[in-house]
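The values are calculated or read from the model by the stated rules, or taken from the named source; none is laboratory data. No experiment lies behind these values; they were computed from the predicted model shown. Positions of Cβ are backbone-derived with ideal geometry, glycine not excepted, and every protein chain shown enters the neighbour counts. Heavy atoms of the whole protein, side chains included, go into the accessibility calculation; ligands, DNA and RNA do not. Shrake-Rupley method; radii C 1.70, N 1.55, O 1.52, S 1.80 Å.
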Amino acid sequence: MDTLADLARRVSACTDCPLHTGRTNAVPGEGPSDAEILFIGEGPGFHEDRQGRPFVGPAGNFLEDLLQSIGMTREQVFIANMVKCRPPENRDPTPAEISACSKYLDRQIELLNPLLIVTLGRFSTAKFVPGQAISRVRGRLHSVGGRRVFPIMHPAAGLRRQEMRAGIEEDFAKIPGLLDVLRIQADPASETVRRVGEPSHPSYETGPPAQTPSLWDIPEPTAENAPVPPESDSVEQPPAPPEPPPGQQRLF
Ligand code: URA
Ligand code: SF4
């Protein structure tokens, strides 16, 4: 049985796509093997390539601030990318590069089996929710192939544009409530603990309270409403529901 460390070693020696030629270091990803959240970015940038670690440049600083805003640290989460080697000049990864590298991310997901996958930006979002604008699907929980996926704009976009920053912060603030609900779903006995006033995890005390009612805005498709193509883990999502009337806030 391979481990996350074995996988990181394979990534570091990988020559399966042209990106290996330009790298200083591959960036397999990092975090504890029992992390509840897996963040998936796009690919290493300049600083990540130099250090061999994900999200250590300006976008990484913003990600750490966002984590802090919900009472968490990067040491508590797993951080990975769609491609593990830096595309030259930070260009977009090509479909062929993403495809060559996907075996590593897929295995990371299997080994981690995270409670929640947070996709950062359009490339990782498209892995789970293909064919839809990120502006349409972000900030809502998607159920895809048995995994819970929460798309957010890429932190680098938030650094470039103030209005995106606000959207990212707003979406991030939903994570503690989502985790509360997902923990209860994974282990219904934990609800009793929470109800008597103890937080389900001390690190999330600062988050908003769980709000269960509208968690499944986007249900797992069934054979009747959306046939899943064979061999594919990604499914088309139904269109977003209409906006709630003024004054009513949609949480998920
Ligand atoms: N942007 C990404 O998508 N990933 C990183 O690791 C750093 C910046
Ligand atoms: Fe291998 Fe992925 Fe790096 Fe390409 S990007 S060389 S597939 S580790």
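Going by what's in this entry, would Arg50 be described as under 24 Å from Arg138 (Cα atoms) and basic (Lys, Arg)? Spelling it out, it is not the case that Arg50 is under 24 Å from Arg138 (Cα atoms) and basic (Lys, Arg).
Figure legend. Inter-residue proximity from the stretch 149-166: first residues more than 16 Å from Ile117 (Cβ to Cβ), second residues open to solvent by 50 Å² or more (accessible area, probe 1.4 Å) and among the polar types (S, T, N, Q), beta-carbon distance below 6 Å, spacing 6+ or different chains. No pairs are indicated. Taking the stretch 162-172 on its own, how many of its residues are at pLDDT 95 or above and either on the phi > 0 side of the Ramachandran plot or open to solvent by 40 Å² or more (accessible area, probe 1.4 Å) (or both)? Residues flagged as at pLDDT 95 or above and either on the phi > 0 side of the Ramachandran plot or open to solvent by 40 Å² or more (accessible area, probe 1.4 Å) (or both) within the stretch 162-172 amount to 5. Condition check: farther than 16 Å from Asp106 by Cβ, near ligand 1 (Cβ under 9 Å from one of its atoms) and not basic (Lys, Arg). Does Pro18 satisfy that? Against the criterion (farther than 16 Å from Asp106 by Cβ, near ligand 1 (Cβ under 9 Å from one of its atoms) and not basic (Lys, Arg)), Pro18 does not qualify. Just one of the numbered conditions (1) at pLDDT below 95; (2) outside any helix (DSSP H, G or I); (3) out of contact with any strand residue (DSSP E or B) (no Cβ under 6 Å at 6 or more places or on another chain) is not true of Glu220: (3).
Looking across the stretch 33-70, the residues that are in a loop (DSSP other than H, G, I, E, B), away from ligand 2 (no atom under 16 Å from the Cβ) and open to solvent by 40 Å² or more (accessible area, probe 1.4 Å) come down to Ser33, Asp34, Glu36. Scanning the stretch 88-110 for residues that are open to solvent by less than 20 Å² (accessible area, probe 1.4 Å) and out of contact with any helix residue (DSSP H, G or I) (no Cβ under 6 Å at 6 or more places or on another chain) yields Pro93, Cys101, Leu105, Gln108, Ile109. When we screen Ala96, Ala126, Ala59 for residues that are away from ligand 1 (no atom under 16 Å from the Cβ) and hydrophobic (A, V, I, L, M, F, W, C), the only hit is Ala96. Can you tell me which residue in the stretch 5-30 is nearest to the chain's Cα centre (by Cα), limited to those that are in contact (Cβ under 8 Å) with a residue 60 or more places away in the chain and closer than 19 Å to Leu112 by Cβ? Once the filter is applied, the top-ranked residue is Gly29.
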